[in-house]
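**Student:** Just passing along the structure, written as structure tokens.
The values are calculated or read from the model by the stated rules, or taken from the named source; none is laboratory data. Worth saying up front: this structure is predicted, and the values here are computed from it rather than measured. We place every Cβ from the backbone using ideal geometry, glycine too, and count neighbours over all the protein chains shown. The protein model used for the area step is the full one, side chains on, heavy atoms only, and it has no ligands, DNA or RNA in it. Shrake-Rupley method; radii C 1.70, N 1.55, O 1.52, S 1.80 Å.
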Amino acid sequence: MTEIIVVTSGKGGVGKTTSSASIANGLARRGKKVVVIDFDVGLRNLDLIMGCERRVVYDFVNVIQGEATLRQALIKDKRFENLYVLAASQTRDKDALTLEGVEKVLNDLKADGFDYILCDSPAGIEKGAFLAMYFADRAVVVVNPEVSSVRDSDRILGLLSSKTKKAESGGRVSEHLLLTRYNPARVETGEMMSIADVEEVLGLKAIGVIPESNDVLTASNSGVPVILAEDTRAGQAYDDAVARLMGEDRPMRYTHADKKGFFSKLFGS
């Protein structure tokens with residue numbers, strides 16, 4: 001049975017597309033047939049992070065408008081044969097997406113036997129974000145541990161509980177919290193909200209905590225989702241998050257500041 005997961009946030013720049021790419025790769029690495037769709041019409045970035053920007057011929061809007069078939073628009077990942085990307089259009093208006101068109105594409109993907117459909121949502125509450133979440137079974141809400149990001153994500157949770165197909169039929173989208181750019185040292189000095197603080201405000205348990213790291217930017221600039229950089233903390237944390245998303249029980253890592261040893265304190269390094 002196909003599961004539709006929306007990766008969403010209230011605030012832009014929190015690592016949503018990075019998270020979508022890493023979750024998609026993590027699921028595919030576990031043998032699942034996965035497609036990740038970029039809903040950010042006009043500002044597509046998913047293809048860059050997935051490393052397939054030069055292979056985009058047709059996009060999501062082309063399929064919805066009947067200008068290309070789904071088979072023509074799907075880009076097969078070069079690392080995992082069971083992973084596909086459906087890019088957003090860079091030139092169309094956001095109104096090019098329609099509820100009926102999105103539903104047809106999702107139904108066609110279900111018919112093709114995909115285990116997971118990931119919807120990489122634009123930030124905020126505009127039309128693209130609404131369409132990305134409307135048909136979702138589950139939502140991964142990406143949040144930075146700062147007040148503005150948490151406040152905006154609280155509004156997204158309100159929409160998930162009221163403006164989705166599941167909500168309209170009396171059900172509920174399963175919600176998961178993914179904390180990104182977490183810096184335990186800054187939490188200790190009071191510069192950043194703690195995991196417990198964010199969980200309390202949003203009423204959600206964190207499914208993953210991604211440490212603040214330059215490795216994320218390095219991987220993204222290389223067109224390689226950071227989850228595939230297995231020797232990095234961020235890559236390992238994303239893999240843990242995917243495991244928990246699939247029901248595995250894993251301890252949280254990289255949530256406490258590294259303790260300096262005697263010689264580090266003595267020499268200041």
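**Student:** Whole-Hz ³J(HN,Hα) for each residue in region 21-31, computed from phi via Karplus 6.51 cos²θ - 1.76 cosθ + 1.60 with θ = phi - 60°, x for glycine and proline: what do you get?
**Tutor:** For region 21-31, the Karplus curve yields 5, 5, 5, 4, 5, x, 5, 5, 5, 8, x Hz.
**Student:** Same structure, new question: Counting helices only, and only those DSSP H runs with n ≥ 4, report the 222 nm mean residue ellipticity of the chain as the sum of -39,500 (n - 2.57) divided by its residues, in deg cm²/dmol to the nearest 500.
**Tutor:** When only DSSP H runs of four or more count, the value is -10500 deg cm²/dmol.
**Student:** Another question about this same structure. When Lys and Arg each count +1 and Asp and Glu each count -1, what net charge do the other residues less than 15 Å away from Arg44, Cβ to Cβ, add up to?
**Tutor:** Counting the neighbours of Arg44, the net charge comes to -2.
**Student:** Restricting attention to region 32-128, which GluC sites (Glu not before Pro) occupy a DSSP loop and are surrounded by at most 15 other Cβ atoms within 10 Å?
**Tutor:** Passing both the DSSP loop test and the Cβ count: Glu67, Glu81, Glu126.
**Student:** Hey, what do the phi angles of region 147-163 turn into as Karplus ³J(HN,Hα) couplings, whole Hz, using 6.51/-1.76/1.60 and θ = phi - 60°, x for Gly and Pro?
**Tutor:** 4, 5, 5, 5, 4, 5, 5, 4, 5, 4, 4, x, 5, 4, 8, 9, 10
**Student:** What is the distance in Å between the Cα centroid of region 20-68 and that of region 191-258?
**Tutor:** Spelled out, the Cα-based centre of one part sits 22 Å from the other.
**Student:** With every protein chain kept in the model, how would you rank Asp258, Asp154, Asp59 by accessible area, 1.4 Å probe, largest at the top?
**Tutor:** These residues rank, largest area first, as Asp258, Asp154, Asp59.
**Student:** With a 10 Å radius around each residue's Cβ, average the other Cβ atoms per peptide and rank 205-211, 68-74, highest first.
**Tutor:** Ranking, from highest mean packing down: 205-211, 68-74.
**Student:** Residue by residue, what Karplus-based ³J(HN,Hα) values in Hz, rounded to whole numbers, does region 197-214 have, using 6.51, -1.76 and 1.60 with θ = phi - 60° and x for Gly and Pro?
**Tutor:** Those phi angles translate into 4, 5, 4, 5, 5, 8, x, 10, 8, 6, 8, x, 10, 9, x, 5, 7, 5 Hz.
**Student:** Can you list the residues, at least 5 places off or on another chain, whose amide H is less than 5 Å from the amide H of Thr232, using H built in the peptide plane?
**Tutor:** The list, which skips near neighbours in sequence, is empty: none.
**Student:** Amide H to amide H, which residues 5 or more places from Tyr84 or on other chains are under 5 Å from it, using H placed in the peptide plane?
**Tutor:** Val34, Val35, Val36, Asp77
**Student:** Next up: How much accessible area per residue does region 172-256 have, counting only protein heavy atoms and a probe of 1.4 Å, in square angstrom?
**Tutor:** Using a 1.4 Å probe on heavy atoms only, each residue of region 172-256 averages 50 Å².
**Student:** If you don't mind, another one. What residues have an amide H closer than 5 Å to that of Thr180, excluding those fewer than 5 places away on the same chain, when H is modeled at 1.01 Å from N in the peptide plane?
**Tutor:** Val143, Asn144, Ile210
**Student:** Let me ask another. Which percent of the accessible heavy-atom area of region 12-84 goes to carbon and sulfur, probe 1.4 angstrom?
**Tutor:** 43
**Student:** Among the GluC sites (Glu not before Pro) in region 173-232, which ones are in a DSSP loop with at most 13 other Cβ atoms within 10 Å of the Cβ? Mind listing them?
**Tutor:** Qualifying residues, ordered by number: Glu191, Glu230.
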